[in-house]
1. Check the range A:156-177 and report whether any residue there is basic (Lys, Arg) and modelled with pLDDT of 90 or more.
2. Could you list, in sequence order, all residues of the range B:1-20 that are out of contact with any strand residue (DSSP E or B) (no Cβ under 8 Å at 6 or more places or on another chain) and within 13 Å of chain A (Cβ to nearest Cβ)?
3. Under 8 Å by Cβ, and 6 or more places apart or on different chains, what pairs join a residue from the range B:23-40 that is more than 9 Å from chain A (Cβ to nearest Cβ) and at positive phi with one that is of a type outside the set (Lys, Arg) and assigned to a helix (DSSP H, G or I)?
4. Quick one: how many residues across the range A:193-238 are part of a strand (DSSP E or B) and more than 14 Å from chain B (Cβ to nearest Cβ)?
5. Give the number of residues within the range B:144-175 that are polar (S, T, N, Q) and at pLDDT below 85.
6. Quick check on my filter: what residues within the range A:141-167 are of a type in the set (A, V, I, L, M, F, W, C) and either touching a strand residue (DSSP E or B) at 6+ places or on another chain (Cβ under 6 Å) or within 11 Å of A:Ile196 (Cα to Cα) (or both)?
7. Sort out which residues of the range A:124-160 are away from chain B (no Cβ under 14 Å) and charged (D, E, K, R), and write them in order of number.
8. Hey, can you tell me all the residues within the range B:95-137 that are part of a loop (DSSP other than H, G, I, E, B) and without any contact (Cβ under 8 Å) to a residue 60 or more places away in the chain?
Amino acid sequence: METQETKDLKIFGIANTTGGIFRDVVINGTGRISGDLESESLVVNGNATIVGNITTKKTKVSGNCTIDGSFACDSFKVLGASNISGNLTAKNISVEGYMKVVESIKAETVNVSGKLITEGDCNAETFGSVGTFEIEGLLNGDKINIELLGKCRASEIGGANISIRRKNTDVPILKQILTSIIDGVKEKPLMQVESIEGDEIYISNTQAKVVRGKHVKIGPECSVELVEYSEDFEKAPDSKVHSSKRI
Amino acid sequence: MNEELLSKKELLEITGISYGSLYRWKRKNLIPEEWFIRKSTFTGQETFFPKNKILERIDRIKNLKEDLSLDSLAEVFTPNLGTLKISAEEISKKGLIQKSSLDFYGQMRGKFKTLSFDNLLFLFVFDEMLQSGNVNLEECKIALITLEEQYKGFEGKNCVLFLCRKAGIATCFLASSPVTIRFDHETKVIIHLDLYERIEKLKIKLQE
């Protein structure tokens, strides 16, 4: 059987169109796509509104993209802004700009250097953040590495290896001075979370109600109500731990 | 139904698994979301699990994970029917269905070469009911027809098949699970069968 050749969809000016199956989808102007969309790639440089579910492989959003539906892809790079009203499923997600997901995120790797907001859970084998995030549900990952720049929030964090620390300011002096001025305006690096559960845990600059784990290390500037550990527990002298017990 | 609950801490203690594994299995959908029951306790929010279900599931995961990858395990534990086709030879070779049930099915639906997974599931349930000895052939047929006609509406969700009798007359229905149903004292529930469990059982048998 001959395979049907699929066409590209390119929007340069202002256009309204319907969904369908395409090879490459590029939106440079302002585009509105109504209906489900299936493509090899999706690139948004302008302003896109897509009403429908999307299945694609490679996605890059440099402009502004609003998706009213669920979104599944292989790699997803957000340099601009993305709003997704459904679930997001992807292999690799990189948020360098801003992304909001109303439902849950499921991915192999998630890297945040911008801002990520999700009202549901965030599931990833590896989760790395050097930006800020707000996760209303559970942040679930095998390796969770959070380098705090501003204020981050999650209701729960669970996984095997969890590390939360202040980002190393290993930057040139001029930038340090600049960031210290900006920092004065910006919030202090802080992780706010209800509970953290994992095998290997290191936290600093964190406010938590409960921390449970095998090996628990509490670094500087933490405030934890209860620590439960099964193997060992260490605490930096300037951190507050209300109570701790071995189980 | 009031089930006995088990806290997460107790669960890890009893089974000896780590937080890492528990969260990994949750991510892979090996443990359904509904089993994570949140409750407020004096230490704040805690997660509880239905005791029997979770212990059985973890036991199964531990046993199966040596032979199967986590992803194919997830396939076993999710109630999706998939697009699998199973040939008649494979069914008899694997001994999935008793011969007598196959014959009855053949009489009703004609001889088949291949069965889709959902039809196999219905046949599997039909077989189980028939072999249980509590239900007569006519009633099994009613159940089979009910499944064939009504199961579609439950796909992806768990449902329970009920067969009850009152004054010797049988009726059959499907209900989404978990469900609480009360009957009058004259009604007897003959069959109360969890489809989700049967899907799992069947999938494991097929993987063997």
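1. yes
2. Matches in the range B:1-20: B:Glu10, B:Leu12, B:Glu13, B:Gly16, B:Ile17.
3. B:Asn29/B:Ala74; B:Asn29/B:Phe77
4. Total satisfying the criteria: 10.
5. Going through the range B:144-175 one residue at a time, the tally reaches 1.
6. Listed by number, the residues that qualify are A:Ile144, A:Ile146, A:Leu148, A:Cys152, A:Ala154, A:Ile157, A:Ala160, A:Ile162, A:Ile164.
7. A:Glu134, A:Glu147, A:Lys151, A:Arg153
8. B:Gly95, B:Ile97, B:Gln98, B:Gly110, B:Lys111, B:Phe112, B:Lys113, B:Gly133, B:Asn134, B:Val135, B:Asn136
The values are calculated or read from the model by the stated rules, or taken from the named source; none is laboratory data. Because the structure is predicted, anything quoted here is derived from the model rather than measured. Please note: Cβ atoms are built from the backbone with ideal geometry, for glycine as well, and neighbour counts cover all protein chains shown.
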